[in-house]
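Structure, as structure tokens:
The values are calculated or read from the model by the stated rules, or taken from the named source; none is laboratory data. Given the structure is predicted, the values throughout are model-derived calculations rather than measurements. Counting neighbours? That spans all protein chains shown, and the Cβs are built from the backbone with ideal geometry, glycine included. Areas reflect the complete protein model, heavy atoms only, side chains present, ligands, DNA and RNA absent. Shrake-Rupley method; radii C 1.70, N 1.55, O 1.52, S 1.80 Å.
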Amino acid sequence: MKKIFLISLIVSVAQFAQDKKLTLEESLQLGLLNSRQIKISESMLRSSDEKITEYSSQMLPKLSLDAGYTYMNLNEPTEIGLGPIPTKVTNPFYLYGMQLSVKQPIFTGFQLSSLKSSAENNYEAMSAEHQKNINNKAFEIYSAYWNLFKTEKQVELIEEYTHSLDEDLRKTKDFVDNGLATMNDFLKLELQAANTMLQLIDAKNNREIARATFNKSIGLPLNDSTDIETNLILPQAQNFNYDELIMDAIDNRNELQSVEFKIKSGEDRISAANSDWWPKLYASGNFYLYNVNAETFSMDNQRLQLWFAGLSLSWNLWNWGYTSSRSAQAEEEVLQNRESLELLKEQIEIEVYNAYLTLNSNVEKIKVSQFAVLSAQENYRITKDKYDYQLATTNDMIDAEVDLLNSQTKLTISQADYELSKVKLDLAVGKRIY
């Protein structure tokens, strides 16, 4: 029933993606649902959970059953035995029986409890890794989404520019026909229109590449004509405290939590390795039931039935350094994880600092780009008015239009980069971004 529901959900979301534009939230939902990396991570998490059950089961009594059947024909000799009266052999001979055994570890030098504790800490480490994998996948979707947004806006802006150039060409042709402009002015605009068409071809190609990358990130076919819906929010004044960001990252980053649990797991494996220095004590019990066809040897049939219970002790007195080597390996692994933890903290500090600076930089870029767009729009309006009365040259008109296109493109890029940098800072400090 759960599988049917999951399949229905996937189909409905995929159909939804084809029917309308995808928002960022819908893209995240679809991408995380279809992600193979997350499915692999979930499988590894379930596997580590089963490891806990494996070691827990070894602490409980083990019940086993052995049974057997033997059939034999003795053709030669027909009589066996010593002395004047040998025993006559009657075929066939058969034997069958069973053995029921129970064994309970009482003391194993803390081996089983250490292995179980190690498995539990390893599960927590895998759980933290799983959350990190989901966050990383979500950031991949964010990046693909905003990259597609940038390429779509670039195509849109260039197409608007081509329409503007078409209008300029029409006006300039009228000016040429009326002797108000030279053919050279018209040819300059035609050349600019051709170059812009080349830009548009490249922009559309980049858009399709970005769309394919986005489709791949959310689990759709590469050639799907997926569209996105974006609502840009103007940057809000935010005063981040860098020291607080670092503390949040140290407290929340899944990678740090994972390594910390791996250190605890390694310490438990040291205890498990040292368990061979201790004796191991087991309680056991057995029940035997056998039936023997003794008529083969001219005897009455026999039925053997017995049971016993007891304690067994084993102790490795000398194993040529095997125990100490295992213990040393486990200790070195813990040392490596501790050093990795400190190294990871340093890397995270750099990552948080870079994300912090990038976000502030993108906020300033948006402010400057907005001012540039306003200036370019006003410059274009003035130049266009002058050009309509032939008070401005064709070069002036082309420059004004190109400046407007470039300023609008930079603003679009800055807005998308700002949205992505916000998510990157949240990711750097260990926040959940999905």
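Here are some notes:
- Some residue of the range 389-411 being touching a residue at least 60 places away in the same chain (Cβ under 8 Å), under 29 Å from Arg170 (Cα atoms) and either touching a Cys at 6+ places or on another chain (Cβ under 7 Å) or outside any helix (DSSP H, G or I) (or both): yes
- Residue satisfying all of: in the range 275-293; surrounded by 15 or more Cβ atoms within 10 Å (Cβ to Cβ), over 43 Å from the mean Cα position of the chain (by Cα) and not hydroxyl-bearing (Ser, Thr, Tyr); modelled with the lowest pLDDT among these: Asn293
- Condition met for Val352 (in a helix (DSSP H, G or I) and either among the polar types (S, T, N, Q) or surrounded by 15 or more Cβ atoms within 10 Å (Cβ to Cβ) (or both)): yes
- Matching residues in the range 374-383 - criterion: being surrounded by fewer than 17 Cβ atoms within 10 Å (Cβ to Cβ) and of a type in the set (A, V, I, L, M): Leu374, Ile382
- Residue match in the range 188-197 (condition: more than 19 Å from Asn406 (Cα to Cα), over 33 Å from the mean Cα position of the chain (by Cα), of a type in the set (S, T, N, Q) and part of a helix (DSSP H, G or I)): no
- The set of residues in the range 210-232 being aliphatic (A, V, I, L, M), touching a residue at least 24 places away in the same chain (Cβ under 8 Å) and closer than 21 Å to Lys153 by Cβ consists of Ala210, Ile218, Ile228, Leu232.
- Unique match (being modelled with pLDDT of 95 or more and either surrounded by 15 or more Cβ atoms within 10 Å (Cβ to Cβ) or in a loop (DSSP other than H, G, I, E, B) (or both)) among Leu256, Leu245: Leu256
- All of (1) surrounded by 15 or more Cβ atoms within 10 Å (Cβ to Cβ); (2) within 21 Å of Lys153 (Cβ to Cβ); (3) at pLDDT below 95 hold for Thr393 with one exception: (2).
- Residue-level check: of (1) under 23 Å from Ile141 (Cα atoms); (2) in contact with a helix residue (DSSP H, G or I) (Cβ under 8 Å, 6 or more places away or on another chain); (3) surrounded by fewer than 20 Cβ atoms within 10 Å (Cβ to Cβ), Lys386 misses just (1).
- For the range 22-44, a tally of residues being of a type in the set (A, V, I, L, M, F, W, C), crowded, with 16+ Cβ neighbours inside 10 Å and in a helix (DSSP H, G or I) returns 6.
- Meets criteria (of a type outside the set (D, E, K, R), open to solvent by less than 40 Å² (accessible area, probe 1.4 Å) and over 25 Å from the mean Cα position of the chain (by Cα)) for Ile413: no
Residue-by-condition table, conditions (1) out of contact with any Cys (no Cβ under 9 Å at 6 or more places or on another chain); (2) of a type in the set (A, V, I, L, M, F, W, C); (3) open to solvent by 20 Å² or more (accessible area, probe 1.4 Å); (4) free of Cβ contacts under 8 Å to residues at least 40 places away in the same chain:
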| residue | (1), (2), (3), (4) |
| --- | --- |
| Leu115 | yes, yes, yes, no |
| Asn147 | yes, no, yes, no |
| Lys150 | yes, no, yes, no |
| Ile158 | yes, yes, no, no |
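- Residue pairs whose Cβ atoms lie under 6 Å apart, sitting 6 or more positions apart in sequence or on different chains, and linking a residue in the range 306-320 that is under 21 Å from Phe110 (Cβ atoms) and in a strand (DSSP E or B) to a partner that is hydrophobic (A, V, I, L, M, F, W, C) and open to solvent by less than 90 Å² (accessible area, probe 1.4 Å), are Leu311/Ala283; Leu313/Leu281.
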